[in-house]
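The values are calculated or read from the model by the stated rules, or taken from the named source; none is laboratory data. Only a predicted model underlies this, so the values are computations on that prediction, with no experimental measurement involved. Note that each Cβ is placed from the backbone with ideal geometry, even for glycine, and that neighbours are counted across all protein chains shown.
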Amino acid sequence: MSRVDVRKTYKLFIGGKFPRSESGRTYPAASRRGKFQANVAQASRKDARDAVRAARAAQPGWAGATAYNRGQVLYRVAEMLEERRDQFASQVRAGEGVSSKRAEDLVSAAIDRWVWYAGWSDKVAQVGGNANPVAGPFFNISTPEPTGVVAVIAPQKSSLLGLVSVLAPVIVTGNTAVVLASADRPLPAVTLSEVLATSDVPGGVVNVLTGHTAEVAPHLATHADVNAIDVSGAVGAEGVTWGELEEAAAETLKRVRRPLTDEEPDYANEQSLSQILAFTEVKTVWHPKGA
Amino acid sequence: MTAFDYAPAPESPSVVDIASSYGLFINGEFTDAASGESLKTINPATEENLAEVAVAGEADVERAVRAARTAYERTWGPMPGSERAKYLFRIARLLAERSREFAVLEVLDNGKPIREARDVDIPQAAAHFFYYAGWADKLDYAGRGAAPRPHGVAAQVIPWNFPLLMLSWKIAPALAAGNTVVLKPAETTPLTALLFADLLQQAELPPGVVNIITGAGRTGADLIAHPDVDKVAFTGSTKVGKLIARQVAGTHKHATLELGGKAANIIFDDAPVDQAIEGIVNGIYFNAGQVCCAGSRLLVQESIADEVIDRLKARLSTLRVGDPMDKNTDVGAVNSAAQLKRITDLAEAGDAEGAVRWSAPWDLPTKGYWFPPTIFTQVASAHRIAREEIFGPVLSVLTFRTPDEAVAKANNTPYGLSAGVWTEKGSRILAMADKIRAGVVWANTFNKFDPTSPFGGYKESGYGREGGRHGLLPYLIEGGTQ
């Protein structure tokens, strides 16, 4: 007689903890072939607010950590992901309907992406900032700083590699994130939360919501304590467009990262310094020189 | 302390010829507006009529954008960067040559003192063109990947507080990056932009590369809404900035927004007080406080608050307020009746909410728009004069006890454009500079600008930078892989 397996309850990830939705709602996530996989939490507006509060609380500490430390933490995420690669490969295979080989490759690329961004942590200020030779006796320097709390609408199709590709560049500089997972393919995002929870990422630095894009994303776009939003993952989302989210973000003058095309890109090539810099603010400091 | 009496030392207006009416500068020449409408621009120091300028309507905007598009495709876009650079260098040189003419015209149209226009606005504008000229053939080094591309047609809308300087902040990086421009100067200060058009003719800049259309808010909105515009750059109020952000949402247009501010100028008890007093005065009374990065909230450590306020009042009493054309004038006129009303209303709100108003007994001219340099003490963080941008010569004084409290109060605003910190303790300067959420932090100085130095805000002060390498980036689309 075969053993009955113990299944996991898929929950939200807020402030380093795994709560259910306060609304008590769940929705079923299915594989590409339509097979039931799990009930995942259906986040509400209140859950989104809680996640923003957790992200705000964690932001000064994360930004205040040394760049060396943040780099180590991101590298640690890669280590933990590597260890659980089989689990991710199986979820990516089922959720995205790809072959085992392709799923393995996508997981490998996601791991390597964390490594790539980890290495940027203590170089961004050097490459993205500079001294300015002003015409006068002044010390003058410009440096990129984290924008603050960033809402990330995760890509709808690329459930792991796409997610990592938009999340890692946000947090590497000291931003904290509220991620809204792919509505139809949420499982890798929840499993990634478990990796983050065991990778020395401080609680609240990354918060992960599962639910309906059209229900939750507009709240993140209008929330006054969210400083920036990456709407590029909303391409192909049900019930809401990236343009509507950008419009909603205008009242609070959020920084908005848009998609480059109307199709979800192949995330194999989606890593760049400019993606990091999109969620930074350049600060310039002046001081007189004189003995 | 009383002010010395000075004999008047007026600058002569004869250096500049003002026409009685101006058309729109489209495709390299001045043309009448199809709209047939016009507006008057006046000298805010005297209320005298200066000139009538055309108001561009939708058809005029269409014409200007088309001219910019054609120039982008046929001349400016294909032109090598090294050739574009030489036009920009030419413009910088012409501005320097004609600087007195521009300075006087700026004073007449804006109301700022000739000392400021002559020593700051115009030389900085020329320097801005000179700086960006050198970038035009070095874009590969800007940090936007290999062979970055311009957006195309840039729509630029500028404010009235530094008319020519803001024009240079907009046009110089746009052209260096290879974009063409349609620029709308502010309704109350169009004249130096129109004189700049005359300068472009002397520079023989190819037609359509820069088009200057005058008008009010409606013209600006039509320009930004035009579907063939690729890049939008706006300096002005946060309210209008939000409208623009909404307008460009979901389109291909990218916006740079330089909006309002409510800067904290923080004075610690170990500050060099003499310099700090000068910094405070420069921070809030320069250009009569009509500056988005003005140090309008003075945060002074409690133990030295009385001393600082007394010395500030003594210093203010020596400021010379009056005829902007007089070379000895420190504080000139407010730019318009509307702005004077806003300042007056907010100052009255300060009285009503219980703050204490002080201003020296100045004899202000009877004609024109004037507001005396003013200090409010006993201001609470919740007061309107501590929260809202006044855009006038009005300083709100608050106190603090600890560095943490100073940071909390400084950051307690939706804005984040600039801040000042005054202390002799180096480690404190660096820690404060780290914690203040603002795009520019002036330590033991204030209101310093340079073409090489990026300027721009955090939070609701807008996004994008102007000046320096960073100021070039919003005008470029990323090139190949980095």
Checklist entry - Which one of the conditions (1) more than 14 Å from chain A (Cβ to nearest Cβ); (2) surrounded by 24 or more Cβ atoms within 10 Å (Cβ to Cβ); (3) small (G, A, S) does B:A305 fail to meet, given that it meets all the rest? => result (2)
Checklist entry - Taking region A:149-189 as the search range and keeping residues that are of a type in the set (A, V, I, L, M, F, W, C) and more than 12 Å from the chain's Cα centre (by Cα), which one is farthest from A:L245 (Cα to Cα)? => result A:L187
Item to check | Enumeration of residues in region B:142-191 that are on the phi < 0 side of the Ramachandran plot and of a type in the set (G, A, S) | outcome: B:A142, B:A146, B:A154, B:A155, B:S168, B:A172, B:A174, B:A176, B:A177, B:A186
Checklist outcome for this item: The correct count of residues that are of a type in the set (S, T, N, Q), buried (at least 16 other Cβ atoms within 10 Å of the Cβ) and closer than 21 Å to A:S159 by Cα in region A:242-271 is 1
Checklist outcome for this item: Taking region B:399-420 and keeping residues under 20 Å from B:G260 (Cα atoms) and crowded, with 17+ Cβ neighbours inside 10 Å leaves B:V407, B:K409, B:A410, B:N411, B:T413, B:Y415, B:G416, B:L417, B:S418, B:A419, B:G420
Checklist outcome for this item: Reported set for region B:445-455 where residues are more than 7 Å from chain A (Cβ to nearest Cβ) and either under 19 Å from B:N179 (Cβ atoms) or small (G, A, S) (or both) is B:P451
Next on the checklist: For region B:460-482: of the residues being outside any strand (DSSP E or B) and facing chain A (nearest Cβ under 7 Å), which is surrounded by the fewest Cβ atoms within 10 Å (Cβ to Cβ)?
Outcome noted: B:Q482
Item to check | Total residues in region B:419-441, condition in contact with a helix residue (DSSP H, G or I) (Cβ under 9 Å, 6 or more places away or on another chain) and without any contact (Cβ under 8 Å) to a residue 40 or more places away in the chain | outcome: 6
Checklist outcome for this item: The one condition A:A94 fails out of (1) more than 14 Å from every other protein chain (Cβ to nearest Cβ); (2) part of a helix (DSSP H, G or I); (3) out of contact with any strand residue (DSSP E or B) (no Cβ under 9 Å at 6 or more places or on another chain) is (3)
Next on the checklist: Checking A:G162 against (1) in a loop (DSSP other than H, G, I, E, B); (2) away from chain B (no Cβ under 14 Å): exactly one of these is not met. Which one?
Outcome noted: (1)
Item to check | Pairs, first under 21 Å from B:T452 (Cβ atoms) and at pLDDT 95 or above in region B:136-150, second of a type in the set (A, V, I, L, M) and in a loop (DSSP other than H, G, I, E, B), C-beta under 8 Å, six or more apart | outcome: B:L139/B:A147; B:D140/B:A146; B:D140/B:A147; B:P148/B:A142
Item to check | B:G261 being in a loop (DSSP other than H, G, I, E, B), in contact (Cβ under 8 Å) with a residue 60 or more places away in the chain and within 14 Å of another protein chain (Cβ to nearest Cβ) | outcome: yes
Next on the checklist: List the helices (runs of 4 or more DSSP H) inside region A:174-291, counting only whole elements, that have at least 1 residues being among the aromatic types (F, W, Y), away from every other protein chain (no Cβ under 11 Å) and touching a strand residue (DSSP E or B) at 6+ places or on another chain (Cβ under 9 Å).
Outcome noted: none
Checklist entry - Looking at A:A151, is it crowded, with 21+ Cβ neighbours inside 10 Å, modelled with pLDDT of 95 or more, in contact with a helix residue (DSSP H, G or I) (Cβ under 6 Å, 6 or more places away or on another chain) and not in a loop (DSSP other than H, G, I, E, B)? => result yes
